[in-house]
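The values are calculated or read from the model by the stated rules, or taken from the named source; none is laboratory data. From a predicted model like this one, the values you see are computed outputs, not experimental measurements. Neighbour counts are summed over all protein chains in view; Cβ atoms, including those assigned to glycine, are modelled from backbone coordinates with ideal geometry. For the accessible areas, the whole protein counts, side chains as well, though only heavy atoms, and no ligand, DNA or RNA atoms are used. Shrake-Rupley method; radii C 1.70, N 1.55, O 1.52, S 1.80 Å.
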Amino acid sequence: MSGSEVTGSVNLEDKSGEPLSLPLISGTVGPDVIDVRKLYGATGHFTYDPGFTSTASCDSAITYIDGDQGVLMHRGYKIEELASKSDFMEVCFLLLKGELPTAEEKAKFTHDITYHTMLHEQLTQFFKGFRRDAHPMSIMVGVVGALSAFYHDSTDINDPKQRMIASYRLIAKMPTIAAMAYKYSVGQPFIYPDNELSYAENFLHMTFSVPAEKYKLSPTVARAMDRIFILHADHEQNASTSTVRLAGSSGANPFACIAAGIACLWGPAHGGANEAVLTMLEEIGSVDRVQEFIAKAKDKNDPFRLMGFGHRVYKNYDPRAKVMQETCYEVLEELGIKDEPMLKLAMELERIALEDEYFIEKKLFPNVDFYSGIILKALGFPTSMFTVLFALARTVGWVAQWNEMMEDPGQKIGRPRQLYTGPGERPFVPVEKR
Ligand code: CMC
């Protein structure tokens with residue numbers, strides 16, 4: 001707390017001095033919540049919880065996390081099962097609509113998404129307005145926000161049909177936009193989507209094909225890409241999802257809300273961590289320097305943190321990190337990359353950190369970003385594209401959460417309160433007297 005101090009403790013009483021009892025609300029699984037909505041009216045106090053460490057901001061039936069046990073489920077299905085038995089299109093359907101699709105529903109959904117993959121041709125001009133060395137995430141924020149200027153027929157947020165069209169468009173067009181951001185940065189021509197291909201294959205094709213040479217798709221690589229998308233699809237009320245919800249709570253259009261989510265995801269404490277992990281591994285350079293960096297991470301006077309370690313909710317191994325590690329081995333083997341030094345380094349870093357008292361005591365485990373960078377590097381993506389891939393995959397989570405909020409009849413504009421620590425009222429002093 002800055003500029004504020006603890007001045008006492010409070011036994012909750014209403015304004016007439018009667019003990020105040022607050023309602024407890026139970027969900028299906030997970031901790032009950034204390035409903036404080038009437039607290040201010042009854043007591044004249046607000047709750048104080050910067051960073052939302054003890055605050056549930058909404059009801060949601062999409063994703064459940066048990067951070068102590070290291071469990072992640074979407075609509076009741078465990079992430080490990082979805083990653084091994086399902087595919088990204090099914091997971092998108094599940095997140096958006098609540099149930100796994102039937103074969104018929106899956107075919108129709110995949111078809112509908114596939115046929116929205118092209119961009120309005122004029123949108124390609126947007127890319128050209130950026131400097132060649134622009135970070136692709138800055139391009140993503142700009143171009144996705146600009147979609148609202150191109151698809152007027154899907155910006156009426158009060159029309160459920162338009163909301164669903166906007167959702168499909170966002171899921172479908174994100175790989176095309178991401179691939180174009182990459183192509184622009186390397187000075188290659190844009191490659192258009194190929195509707196014969198699956199979602200993941202299409203993205204790889206648009207990213208790595210050139211007009212002179214078609215990219216040879218490897219089923220293992222496409223499967224790994226698809227799995228990486230599944231692992232990033234949704235993660236309940238994380239910072240970027242909460243940003244999307246907060247932006248949407250004012251009635252903003254979906255494309256603008258997702259652009260806000262992308263902006264939030266970019267930070268190194270969130271989606272930017274996958275890029276930061278690889279930068280960190282490169283900086284460490286060799287196994288014999290691991291201890292030095294562990295010591296830096298533990299040093300209170302050093303701002304350095306072990307990137308890809310720690311999580312607000314997981315106080316156990318992030319279940320996504322386990323699947324990511326397995327996928328990493330598969331990909332490196334398929335690509336014939338033996339003894340990848342980054343992988344060796346990452347494994348040694350993980351081993352030492354997991355045995356270290358500091359990391360044990362603070363329950364800091366590898367998170368989803370720890371291994372993803374190594375796979376993405378092996379697939380040929382530059383580090384600057386890592387967070388873009390996260391944004392691409394998280395788009396379905398963002399739109400599912402946004403739709404859930406828009407369908408909630410009790411939805412209100414998000415408007416937190418504050419603990420004011422500035423000056424009290426004081427007289428205005430004219431400029432010549434200051
Ligand atoms: N390295 C060293 N110390 C750490 C780390 C780390 N990676 N993470 C947390 N700590 C320490 C921190 O210094 C604090 O110590 P103390 O209690 O002595 O002050 C304690 O652990 C708790 O950390 P916190 O910052 O209060 O926890 P938080 O829940 O606010 O932060 C986090 C969570 C993910 C931002 C943080 O763990 C972190 O910065 N990790 C590195 C970045 C990263 O990998 N982010 C990806 C998160 S997963 C994917 C996603 O969300 O996009």
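Is it true that Ala273 is aliphatic (A, V, I, L, M) and either in contact (Cβ under 8 Å) with a residue 60 or more places away in the chain or away from the ligand (no atom under 12 Å from the Cβ) (or both)? Yes. Report, by residue number, each residue of the range 41-56 that is in contact (Cβ under 8 Å) with a residue 60 or more places away in the chain and open to solvent by 80 Å² or more (accessible area, probe 1.4 Å). Selection gives Phe46, Tyr48, Phe52, Thr53. Only one entry of Glu326, Glu334, Glu350 meets the criterion of being open to solvent by less than 40 Å² (accessible area, probe 1.4 Å), modelled with pLDDT under 95 and more than 11 Å from the ligand (Cβ to nearest atom), and that entry is Glu350. Of Leu123, Leu72, Leu147, Leu95, all but one fail to be more than 25 Å from Ala321 (Cβ to Cβ) and within 23 Å of the chain's Cα centre (by Cα); the exception is Leu147. Note on the range 418-434: residues that are in a loop (DSSP other than H, G, I, E, B) and acidic (Asp, Glu) amount to 1. Counting only residues that are under 13 Å from Val313 (Cβ atoms) and away from the ligand (no atom under 14 Å from the Cβ), how many does the range 38-67 have? Of the residues in that region, 3 qualify. Taking the listed residues Ser185, Ser148, Ser209, Ser154, the one that is at pLDDT below 95 and over 15 Å from Phe255 (Cα atoms) is Ser185, with no other qualifying.
Scanning the range 140-159 for residues that are acidic (Asp, Glu) and not in a loop (DSSP other than H, G, I, E, B) yields a single hit, Asp153. Among the residues making up the range 57-85, a single one is hydroxyl-bearing (Ser, Thr, Tyr), surrounded by 19 or more Cβ atoms within 10 Å (Cβ to Cβ) and assigned to a loop (DSSP other than H, G, I, E, B): Ser60.
The residue of the range 279-323 that is farthest from the chain's Cα centre (by Cα), among those that are surrounded by 14 or more Cβ atoms within 10 Å (Cβ to Cβ), among the basic types (Lys, Arg) and closer than 21 Å to Ile374 by Cα, is Arg305.
Restricted to helices (runs of 4 or more DSSP H) entirely inside the range 194-249, those with at least 2 residues that are hydroxyl-bearing (Ser, Thr, Tyr) and touching a Phe, Trp or Tyr at 6+ places or on another chain (Cβ under 6 Å) are 199-208. Reported count of residues in the range 92-139, each being aliphatic (A, V, I, L, M), outside any loop (DSSP other than H, G, I, E, B) and open to solvent by less than 80 Å² (accessible area, probe 1.4 Å), is 8.
The set of residues in the range 361-417 that are within 16 Å of the ligand (Cβ to nearest atom), of a type outside the set (A, V, I, L, M, F, W, C) and assigned to a helix (DSSP H, G or I) comprises Glu361, Asp369, Tyr371, Ser372, Gly373, Thr383, Thr387, Arg394, Thr395, Gly397, Gln401.
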